[in-house]
Amino acid sequence: MPHDGHGHDDHSELSPIALRVKALESLLIEKGYVDPAALDVLIDTYETKIGPRNGAKVVAKAWTDPAYAKWLKEDATAAIESLGFTGRQGEHMVALFNTPETHNMVVCTLCSCYPWPMLGLPPVWYKSPPYRSRAVIDPRGVLAEFGVALSEKTKISVWDSTAEIRYLVIPMRPANTENLGEEELAGLVNRDSMIGTRLAGKAA
Amino acid sequence: MNGAHDLGGMMGFGPIAAPPSEPVFHEKWEGRMAALAMTVPGDWSIDEDRSACESMHPAKYLKTSYYEHWLHGLEFLLKKYTPDSSSPMRPEDIWAALTARRSYTRDVQTPAAFTIGQKIRVRIMNPTTHTRAPRYVRGHVGEVVKIHGAHVFPDSNAVARGENPQWLYTLRFTAKELWGHASNDSVMLDLWEPYLEPA
């Protein structure tokens, strides 16, 4: 039976796009341009080391440390760097603080710019036409799809990240969390709340 | 270039369909593709890379996924450039490469032409090459809310005309100005000085 094995040389189950990427990888390895072990490390890094837990630490610190929050407002790149989060697609950072008056939401209508060192690689919906097209023209409709209904009095600022400035939303601290420490607070910060399409979670 | 990538304000794409969580890479080839694009030692800029992804036929761009855009971009660039095979990235180089501090700001001699609070119009323009001024703001008036210094100018850098640094501003546009909506919402964009003129 041709399809019952899991041999690496049997490509018959790969989709056309997977085959094409595989062919390109083989060619680039053969030419000496890439090392397959380095590719494995890069994949593992974005799967397990660089992700939204980083951003959640920034948010929790901003919630608990007024001096840090002030620094984050004035120079987010340096304040975030102080926690060890730097690099590709996070070169120039701005922190956007949500308040009862203003809700911030981030999009990249032109490609899918996203603060990788703090949030990891972007989810599919962030990169797809429905979100990229509508976030700027219908932010309330978009938020409704995420189950977020803001007061009519809350103004929405949508940040279309068209340059190399990357934006991290600092969601509002949930109510009744005065007794929680930084680590527990970080657990309430979901990825989407740092894009501005959801709110931070409720205390248990 | 007025391509399919310039999606702001378009309609008809349906619901957003956002699960609360999902794998970083949905299929194995996506991870391989991402890793290839980030490790091939090519002598091209991020702007040229974006421009290469945008060179897909509009119908194809809209039908394909993010990492397929990356594949198209990398194939496009590899036809144009020969990478440097003398020092491929090793496993131990990856962390440093991904976390390296870089900057897109550059020193320039000329002062910024606009000031915070000033009302500025985005020029009506239709460049045939890469630009970061989306169609939906062209011709519209916004207010300068921040000046970021001079940054590498993508429109030049993407076509190998050099970094040509230009002042970068954050402008606030009201939803009424852009879309005719009677709301207090606004859209903020980072725009370079050559895109802008006094209102």
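Tabulated results
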read-out: The protein assembly as shown: calculated mean residue ellipticity at 222 nm from DSSP helix runs of at least 4, using -39500 (n - 2.57); value: -9000 deg cm²/dmol
read-out: Interchain or long-range residues, amide H under 5 Å from residue A:159's placed H; value: A:105, A:106, A:107, B:188
read-out: With Cα atoms, 0 to 90° folded angle of helix B:28-39 axis to chain B main axis; value: 80 degrees
read-out: Descending principal axes extents, segment B:28-99, alpha-carbon based, whole Å; value: 40, 27, 18
read-out: For segment A:41-106 versus segment B:90-133, the gap between their alpha-carbon centres in whole angstrom; value: 20 Å
read-out: All lysines inside 19 Å of residue A:31 as judged from Cα atoms, apart from same-chain residues fewer than 8 positions distant; value: A:22, B:79, B:80
read-out: Gaussian network model of chain A, springs between alpha carbon atoms under 10 Å - residue of A:35, A:192, A:138 with greatest fluctuation; value: A:35
read-out: Net charge, residue A:93 excluded, C-beta distance under 10 Å - Lys, Arg +1, Asp, Glu -1; value: -2
read-out: Nearest-0.05 FRET efficiency for residue B:81 and residue A:49, computed from C-beta distance (R0 35 Å); value: 0.70
read-out: Cβ-placed point charges (K, R +1; D, E -1), dipole of segment B:88-145 about Cα centre in debye, nearest 20; value: 320 debye
read-out: Estimated dipole of segment B:80-189 in Debye, rounded to 20 [Cβ of Lys and Arg +1, of Asp and Glu -1, Cα centre]; value: 360 debye
read-out: Debye equation applied to the C-alpha atoms of the protein assembly as shown, log10 I(q)/I(0) at 0.09, 0.12 Å⁻¹; value: -0.55, -1.00
read-out: Under the Karplus curve 6.51 cos²θ - 1.76 cosθ + 1.60, θ = phi - 60°, whole-Hz ³J(HN,Hα) for segment A:58-73, x wherever Gly or Pro sits; value: 4, 5, 4, 5, 5, 6, 9, 10, x, 5, 5, 4, 5, 4, 4, 5
read-out: Average beta carbon contacts from partner chains per residue of A:26-37, 10 Å cutoff; value: 5
read-out: Residue B:184-residue A:67 pseudo-label distance in nm [points 7 Å out on the Cα-to-Cβ vector]; value: 3.5 nm
read-out: Cα-Cα separations in chain B greater than 22 Å, expressed as whole percent; value: 60 percent
read-out: Net charge of Cβ neighbours under 15 Å - reference residue A:200; Lys, Arg +1; Asp, Glu -1; value: +2
read-out: Percentage, to the nearest whole number, of Cα pairs in chain A over 31 Å apart; value: 31 percent
read-out: Inter-centroid distance (Cα atoms) of segment A:121-191 relative to segment B:150-199, Å; value: 22 Å
read-out: Built amide H within the under 5 Å cut-off of residue A:96, gap 5+; value: A:168, A:169, A:170
read-out: Residue among B:114, B:82, B:25 farthest towards the positive dipole end of chain B, charges placed on Cβ; value: B:114
read-out: Vicinal HN-Hα couplings computed from phi for segment B:164-172 (Karplus, 6.51 cos²θ - 1.76 cosθ + 1.60; Hz; Gly/Pro x); value: 6, x, 9, 4, 10, 10, 9, 10, 9
read-out: Cys residues of chain A counted as unpaired, since no other Cys beta-carbon is under 4.7 Å; value: A:111
read-out: Note, ³J(HN,Hα) from phi for segment B:119-136, Karplus 6.51, -1.76, 1.60, rounded to Hz, x at Gly and Pro; value: 8, 10, 9, 7, 4, 7, 8, 9, x, 8, 10, 4, 8, 10, 9, x, 4, 6
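Each value in this text was obtained by applying a stated rule to the coordinates, not by laboratory testing. Bear in mind that the values here come from a model prediction, so they are computed numbers and not experimental data. Note that we place each Cβ from the backbone using ideal geometry, even for glycine, and neighbour counts take in every protein chain shown.
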